[in-house]
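To start, the structure itself, in structure tokens.
Throughout, read-outs are computed from the coordinates displayed, never taken from laboratory work. What you are looking at is a predicted structure, and each value in this text was computed from that prediction instead of being measured. Using ideal geometry, Cβ is built from the backbone for each residue, glycine included, and neighbour counts are taken over all protein chains shown.
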Amino acid sequence: MTEQEAGLRARLVSVGVDLVTQEGAQALSLREIARRAGVSHGAPRRYFPTHLELLSAIAREGFAELGAEVAEELRDGKEPGGGEESPRAQLAALARIYVDFALSHRGMYELMFRHDLLESNSLGLRETSLPLFNSLVDLVGRVRPDVRAPDVAGALWANLHGIAQLWGWGSLQLATGADGVDPLVRAALEAHLGPEPR
């Protein structure tokens, strides 16, 4: 692929990221991405043989951003005294980042987890998404060595995903009267990890 072709390919993905951010996953048609990129409606097919491959490349950008935020938190996770944060504190930070990302990047978040729309084995999507889950599994295993960590991590992830979705739709505010998601995230962590040690 020439430098010019790589540039156009990157521009198509960038336009898709902007479009999903502004208008949601339902706006991601090949024709609209091509129009906003200033190319013919057939141009995206030269770089992405299927619509699914272009959607996967766009979702990969979301996973990369979320993964970078989590990696930075886990790398820089220090307590005020300078010591390393406990695995539970790191897990709580990961949970907050995840829910905050979901609420502030709603269109991208929706696309990222629509594996019915994506080809997760294409364009490095799986390699970008799985490390995030593996971080969750690792931290759960360090907090709860007595459980099968992938199962608890999967249940916690599903719980956090549900909190983000239901909060975004306005359902949890109505049902719980909560002013923010933090108490719900803490409750999810306690439900899956047990009460925080005193």
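Odds and ends about this structure:
- Calculated FRET efficiency for the pair residue 114/residue 45, C-beta based, R₀ 30 Å, to 0.05: 0.90
- Inter-label distance for residue 64 and residue 4, nm, one decimal - labels placed 7 Å from Cα along Cα-to-Cβ: 2.4
- Distance from the alpha carbon centroid of segment 167-193 to that of segment 48-65 works out to 30 angstrom.
- Extreme residue, positive dipole direction of segment 58-193, given options 89, 130, 154 (C-beta unit charges): 154
- Using θ = phi - 60° and Karplus 6.51 cos²θ - 1.76 cosθ + 1.60, couplings along segment 61-70 (whole Hz; Gly, Pro as x): 4, x, 4, 5, 5, 4, x, 5, 4, 5
- Between helix 87-104 and the chain: long-axis angle, C-alpha atoms, 0 to 90°, nearest 10: 40
- Rounded to the nearest 20 debye, dipole of the chain from Cβ charges on Lys, Arg, Asp, Glu: 500
- The length gained on full extension between residue 142 and residue 73, counted as 0.36 nm times the residue separation minus their Cα-Cα distance, comes to 23.2 nm.
- Taking label positions 7 Å along the Cα-Cβ direction at both residue 29 and residue 190, the computed distance is 4.9 nm, reported to one decimal.
- Taking every alpha-carbon pair under 8 Å whose residues sit at least 6 apart, the chain reaches a relative contact order of 21 percent.
- In the chain, a dipole from Cβ-located charges (positive for Lys and Arg, negative for Asp and Glu) runs towards its positive end, and of 52, 176, 197 it is 52 whose Cα lies farthest in that direction.
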